[in-house]
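Okay, so here's the structure we're looking at.
The values are calculated or read from the model by the stated rules, or taken from the named source; none is laboratory data. Since the model is a prediction, treat every value here as computed from it, not as a measurement. With ideal geometry, Cβ positions are generated from the backbone for all residues, glycine too; neighbour counts draw on all protein chains shown. With ligands, DNA and RNA removed, areas are computed over all heavy atoms of the protein, side chains included. Shrake-Rupley method; radii C 1.70, N 1.55, O 1.52, S 1.80 Å.
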Amino acid sequence: MRAFVLTAPGEAEVREVPVPVAGPGEVVVGVERVGVCGTDVEFFTGEMAYLHQGHAAYPMRLGHEWAGTVLAVGEGVPATWLGRRVTGDTMLGDGRCRRCLRGRQHVCENRQEVGIRGGRPGALAERLAVPVSSLHVLPGKVDATLGALVEPGGNALRAVRAAAVGPGDRVLVMGPGTIGLLVAMFARAEGAEVHLLGVTAGSLEFASALGFEHVWTEETLPELPFDAVVDAANAPHLPALAVELVEPGGRVVYIGLAGSPSVVDTRSLVLKDVAAVGVLSASPELGDTIAAYAGGLVDPRPLVAATVGLGEIGAVLAGRRSEGAGRGPKIHVDPAR
Ligand SMILES: [Zn+2]
């Protein structure tokens, strides 16, 4: 089968690789759609921290936002899984340690992450082997495009739940990329008044086109009481700005990662009585994200600018825009193309 293989920083190719076999407790999925995200770009550039911590090494098979159909089952997996449309948890805890046993397998020290960590091949291929325990079934209303948006959506939903906003609340979302826009969509669905902070005119115009009327730059941001601030950007000064902007008694949520450390003065957290939360991974909210998409509460499909084939991923990771692409921040891959 064909798979996208990253061989060194800036070097990648589509290769013929052995078709995966479903091991005990695993399934093999025919991959229908895969999202390319910022983490994949960091692996392409070589900046990703896991490369330097020994959690990942080239050659790598990327892809962790995916949807597909179960084509084969391994030992111990009921045949009823065959033909089911699914997505899966990126995080694969060892299932044995204290964190896993307490429901926090997404931060298991020994975890693999599909297409990211521990040598577990990702979904940018025609087929993918994953543990059946990591699967989530997709209802008919969740098509392949939505299915491949469940993982980023779950991250965003966790951020919104950490921000604890609802009707009557005002939330500021920093960074109108895929995660920021998904946060904005879930916060809007919760009934909050959503404001977005961005840098480029194009990204702010796109946010406006999605129906978000309060879009600002740091220069134009009005002085308003924000009950929560979500940092979904990658600028090192924003974590401190979030604490500065949030209302006393409010919440700041950190889901973006900067390339260098950010300083936050904890005295501000104390004196403003602010709760600060970090979010890694979608795992605990994958099911609710699927339900939100299936119910039409949130429809993130406009975020997808283009759907390309395996052969075009290298160009996407290098930052080149596909011909005819829309304005959205997300590129999807259909391995059958
Ligand atoms: Zn564990």
Under the 7 Å Cα-to-Cβ spin-label approximation, Arg102 and Val21 lie apart by a distance in nanometres of 3.9 nm
Amide H contacts under 5 Å for Val277, restricted to residues at least 5 apart in sequence or on another chain and with H modeled in the peptide plane, are Val252, Val253, Tyr254
Counting sequence-distant residues (5 or more places) and residues on other chains, those with an amide H built under 5 Å from that of Ala306 are Gly326, His332
Residues whose built amide H sits under 5 Å from the amide H of Arg111, excluding neighbours closer than 5 in sequence, are Asp94
Ordering Asp265, Asp334 by the accessible surface of their heavy atoms, 1.4 Å probe, largest first, yields Asp265, Asp334
With the 8 Å Cα cutoff and a minimum separation of six or more residues, region 195-252 has a relative contact order in percent of 29 percent
Carbon and sulfur atoms account, in whole percent of the 1.4 Å probe accessible area of the chain, for 52 percent
Here the gain from full extension of Ala8 to His52, 0.36 nm per residue of separation minus their alpha-carbon distance, amounts to 14.5 nm
Contact order relative to length for the chain, counting C-alpha pairs under 8 Å separated by 6 or more residues, stands in percent at 18 percent
The extension gain from Leu224 to Ala209, computed as 0.36 nm times the residue separation minus the Cα-Cα distance, is 3.1 nm
With the 1.4 Å probe rolled over protein heavy atoms, the chain has an accessible area per residue in Å² of 43 Å²
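Leu82 to Ala294: FRET efficiency via 1/(1 + (r/R0)^6), r the Cβ-Cβ distance, R0 25 Å, to the nearest 0.05?
0.70
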Computed ³J(HN,Hα) along region 279-287: with the Karplus parameters 6.51/-1.76/1.60, θ = phi - 60°, integer Hz and x for glycine or proline, the list is 10, 10, 5, 9, 2, x, 10, 4, x
The computed P(r) of the chain puts the percent of Cα pairs beyond 32 Å at 28 percent
Region 183-204 and region 222-262 have their Cα centres apart by a whole-number Å value of 14 Å
Of all GluC sites (Glu not before Pro) in region 92-139, the ones in DSSP coil with at most 12 other Cβ atoms within 10 Å are Glu109
Within region 5-93, DSSP-loop trypsin sites (Lys or Arg not before Pro) with at most 15 other C-beta atoms within 10 Å are Arg84
The ³J(HN,Hα) series, computed from each phi in region 29-34 with the Karplus coefficients 6.51, -1.76 and 1.60 at θ = phi - 60°, rounded to the nearest Hz and given as x for glycine or proline, is 9, x, 7, 9, 8, 9
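In nm, what is the difference between 0.36 nm times the number of residues separating Leu280 and Ala318 and their Cα-Cα distance? Can you show the working numbers first?
Working: separation 38, 0.36 × 38 = 13.68 nm, distance 2.49 nm.
Between Leu280 and Ala318, full extension yields an extra 11.2 nm.
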For region 296-333, listing trypsin sites (Lys or Arg not before Pro) in a DSSP loop whose Cβ sees at most 15 other Cβ atoms within 10 Å gives Arg320, Arg321, Arg327
Shape call for region 179-287, from the Cα gyration tensor axes a ≥ b ≥ c (a/c under 1.5 means rounded, otherwise prolate when a/b beats b/c, else oblate), comes out rounded
Note, Pro239: beta-carbon cut-off 11 Å, +1 each Lys/Arg, -1 each Asp/Glu, net -3
Whole-Hz Karplus couplings 3J(HN,Hα) for region 58-71, θ = phi - 60° and coefficients 6.51, -1.76, 1.60, Gly and Pro as x, run 6, x, 10, 10, 7, x, 9, 10, 9, 9, x, 10, 5, 10
